[in-house]
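Q: Okay, here's the structure, questions in a sec.
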Amino acid sequence: MERRKFISKNIAFGALAPAAYGSLGFTEPKTDKLAHSFEKEDDVTIERVSEGQPHRGKVLAVIQPHCDDIPFYAAGTVAKLIYEGYTGYLIRTSNDDAAGAGASLGERVLNNEKDNAEVAKVLGLKKTYDLNYRNHRMDEYNIQDIKGRFIFLFRLLKVDTLICYDPWGHYEENPDHYITARAVEAARWMAGMRTDYPEQLEVVEPHTVREMYYFARGPQLVNRVVDISRFIDIKVESNMVCKTQGPGGDNGARLRKRLAKEGKKLAILGNDDQTANFNYIKEFVLDQDRIIGEKYGLDRAECFHYIGPSPSKLEEYIRKNTVSI
Ligand SMILES: [Zn+2]
């Protein structure tokens, strides 16, 4: 029996962040992601970058309820997989209408939609699909409706691999996160069944999604650590374009201005807004990636509950044991 071990990966920034966020007026700090992730310690795979575009021809679905989820938790892995040849699509389930205080509801929806489109552009994703469910209310919808839409998209796009919130992540408070995750996990195998939504089969073929990278902001089973060291700057940029919500956006510039008013400055924030935003995100907002990386001897890393196709034991048996007749 393998020993399971609780690990604490986020002590340094986790202790610092609430006060820092509070002083800047942030409303939703997301620094609790890795406080108590657990892993089967002998069963963690380190995934490194591959050259030669080994995934050319394959399709990646990048799924997030809100425009800032993927940038914060998984943008490095998305950038890596696109570099390795995937064609990617960004699917956002909510309309983000609860994010962006100070603007009208319509403006909030539009501002977040624009930010989301920018995230897709920065990460090299081909197209966005906005499902536009009301923000923070996804638990009021019939999950069958959400599943049906995902099943159609997985069949239409012939998705090989997806990245989404972990349907088995613990202590997740946001209904948009856990409802999206549950709908995706059911839809990705139902999409392969001829008996589910058979009317769709007049225009699309059954198609099972076989490879999943699930991330969580609470405790989760971690069995895959992705080396994102070469892609950290793209990840930073994907957080910079989330202007309407999230811990990135213009918060570095705001901090620089606030300090200037007090007659102070931080060297790391440079002399202009762009530098302030970039460095603030890289050094403080995404500090978690450095902490994960340190544990595995990498500069920067993201971690996942990964599920993928396992090698066929039967094929292996046939390969080893068949004889000519
Ligand atoms: Zn979210």
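Q: If you average the C-alpha positions of segment 236-297 and of segment 164-222 separately, how far apart do those two centres end up, in angstrom?
A: Measuring centre to centre over Cα atoms gives 33 Å.
Q: Pop out the carbon and sulfur fraction of the accessible area of segment 128-258 as a percent, whole number, probe 1.4 Å. Display every interim value, and only then the final one.
A: Numbers: 2660 of 5420 Å².
Of the solvent-accessible surface of segment 128-258, carbon and sulfur hold 49 percent.
Q: Test of understanding: in a Gaussian network model of the chain with alpha carbons linked when under 10 Å, which of 78, 122, 203 would top the mean-square fluctuation ranking?
A: In the Gaussian network model the winner is 203.
Q: Now a separate question. Under the classification rounded if a/c is under 1.5, otherwise prolate if a/b is larger than b/c and oblate if not, where does segment 176-262 fall, given a ≥ b ≥ c as square roots of the Cα gyration tensor eigenvalues? All intermediate terms of the calculation are to be shown ahead of the outcome.
A: Details: a/c = 2.98, a/b = 2.41, b/c = 1.24.
Taking the square roots of the gyration eigenvalues as a ≥ b ≥ c, segment 176-262 is prolate.
Q: Take the Cα coordinates of segment 104-206, assign each an equal point scatterer, and use the Debye formula without solvent to give log10 I(q)/I(0) at q = 0.17 Å⁻¹.
A: -0.93
Q: Calculate, for the chain, the solvent-accessible area per residue in square angstrom, rolling a 1.4 angstrom probe over the heavy atoms of the protein chains.
A: Using a 1.4 Å probe on heavy atoms only, each residue of the chain averages 48 Å².
Q: Which trypsin sites (Lys or Arg not before Pro) from segment 217-311 combine a DSSP loop assignment with at most 15 other Cβ atoms within 10 Å?
A: Hits after loop and neighbour filter: 264, 265.
Q: Hey, how much of the P(r) for segment 239-325 falls beyond 22 Å, as a percent of Cα pairs?
A: 54
Q: Given DSSP loops and a limit of at most 14 other Cβ atoms within 10 Å, what is the longest stretch of the chain that contains no such GluC sites (Glu not before Pro)?
A: Longest run free of exposed loop sites: 52-172.
Q: Ok, one more. Above 23 Å lies some portion of the pair distances; for the chain, what is it as a whole percent of all C-alpha pairs?
A: It works out to 60 percent of all Cα pairs.
Q: Could you put 296, 73 in order of accessible surface area, largest first, with the 1.4 Å probe and the full protein assembly present?
A: Output order, biggest surface exposure first: 296, 73.
Q: Could you order 104, 310 so the one with the most accessible surface comes first? Probe is 1.4 Å.
A: 310, 104
Q: Specify the residue with the greatest mean-square fluctuation among 204, 241, 159, computed from a Gaussian network of the chain linking alpha-carbon atoms under 10 Å apart.
A: 204
Q: Follow-up question, since we're still on this one. With viscosity set to 0.692 mPa s and temperature to 37 °C, compute the Stokes-Einstein D of segment 55-134, Rh being the Kirkwood radius across alpha carbon pairs; µm²/s, no decimals.
A: 256
Q: Excluding residue 77 itself, calculate the net charge of residues whose Cβ lies under 10 Å from the Cβ of residue 77, where each Lys or Arg counts +1 and each Asp or Glu counts -1.
A: 0
Q: Shape call for segment 112-154 from the C-alpha gyration tensor, a ≥ b ≥ c root eigenvalues: rounded (a/c under 1.5), prolate (a/b greater than b/c) or oblate?
A: Oblate is the answer for segment 112-154, as a/c is 1.5 or above yet b/c matches or exceeds a/b.
Q: Holding the Cα-Cα limit at 28 Å, pick out from 80/282; 127/243; 243/264; 147/295; 261/282; 121/282 the pairs that are longer than that.
A: Violating the 28 Å limit, Cα to Cα: 147/295.
The values are calculated or read from the model by the stated rules, or taken from the named source; none is laboratory data. Note that this is a predicted model, so its numbers are computed, not measured. In this analysis, Cβ positions are derived from the backbone assuming ideal geometry, glycine residues included, and neighbour counts consider all displayed protein chains. Surface areas here come from the heavy atoms of the whole protein model, side chains and all, with no ligands, DNA or RNA. Shrake-Rupley method; radii C 1.70, N 1.55, O 1.52, S 1.80 Å.
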